[in-house]
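Below is one structure, written out as structure tokens; comments come after it.
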Amino acid sequence: MRLCCLLFAPVFGCAVLATSSEAQPTAAFSDASPHRSKLFVHQNTHLHYLDWGGTGPVIVLLPGYGLTAHAFDEIGTLLSDRFRVIAVTPRGYGESDAPPDSAVYTVTTMVDDLRALLDEVGIPRAALIGHSISGATITAFARAHADRVSRMVFLDAFPYYAAAGGDSVEALAPVSTPGFSGPMTYTRVRDFLSQYRFSGWSPALEADLRANTLGPELARRQALTGRYIADSRANPPDVSSIRVPALQACAIPTASTEYPWLRQGSKALAGAQRYMIEVLQPFSRTLCARFAQLVPGGRTIEIAGSHYVFFTQPALAARLIRQFLLE
């Protein structure tokens, strides 16, 4: 349910940011996903996107905070048999530029970048799919450019999360995620995330990790992109303004998905399980139900798993997206 994730999460707040021969983009890694990786220029900024091609209705995928377009490597491949699929890397992340002016890291800028991408690729109208904080982007885009949106899918993406009390709910968590420390290399980061964040790994998550340059450049980008969260909380878009078919895929967490490192039979796991049953799961279902109440004709579906279940179970994510878009 958290807005922060992966390399940009507070989990690295006390990390020693170190450079090494491994902590650089490396030719040794080969992204096997059958997409084309492209850049275009908007406002003097190179912005990155992936294009799987395909025929049929157009889908544009937007990742959550800290993620890149590569997080959708497997989902995009699965959907390209029936759709034209594109995924965006927001400015500040991965292969997109990170301009030094922190004032540009706002939802309004992300909306304008998305419009520029659609213009660049020649797409008049598309279905927008946003994970986490990108729910704010697609909501604001649909309000500003209603004629360019056909359908919307929110992947555990609640623009009203903070207003609904999400921070207070997270503050009640009985267990904190251990912090990352020591030299930051791709291998060490992968091991840490697979153990403490995802309870597993995938080719898409590997590609997403490798799209980032570790060390001081990562720290510079983290300082800039934190503005996205502050802006989305200060100016949450109104989901009740949505006028196209919309689906919210709600992740319902368990102790094993949120705290995969806790030992079976431990007191810590027992406390985490109580927190899930008594606090976090009811709150997650409340967020989900609120979407259906606020969005005219909005629909919801519950999925057992963490906030990142769509990337650890790409076949499941692709199936629910496909079913909704082909109705």
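Some points to look at:
- Ordering of 224-231, 98-105 by packing [mean C-beta count within 10 Å, highest first]: 224-231, 98-105
- Taking other Cβ atoms within 10 Å as a rough exposure proxy, PHE310, PHE29 sort from fewest to most as PHE29, PHE310.
- Spin-label model distance (nm) - HIS46 vs GLU217, 7 Å beyond Cα toward Cβ: 1.0
- Sites ASP101 and ARG322 - FRET efficiency at Förster radius 30 Å, r taken between beta-carbons, to 0.05: 0.15
- Normalised Debye scattering of the chain at q = 0.10 Å⁻¹ gives log10 I(q)/I(0) of -0.54, counting only Cα atoms as equal scatterers and leaving out solvent.
- Residues SER266, SER33, SER132 in ascending order of nearby Cβ atoms (within 10 Å, fewest first): SER266, SER33, SER132.
- Using the average count of surrounding beta-carbon atoms within 10 Å as a protection proxy, the listed peptides 204-212, 312-320, 154-162 rank, highest first, as 154-162, 204-212, 312-320.
- Where only DSSP H runs of four or more residues are counted, the chain gives -11000 deg cm²/dmol as its mean residue ellipticity at 222 nm, each run worth -39500 (n - 2.57).
Rule-based calculations on the coordinates, nothing more; no lab input. Predicted model only: the values in this text are computed from it and were never measured. Cβ sites come from the backbone with ideal geometry, for glycine too, and all protein chains shown count toward neighbours.
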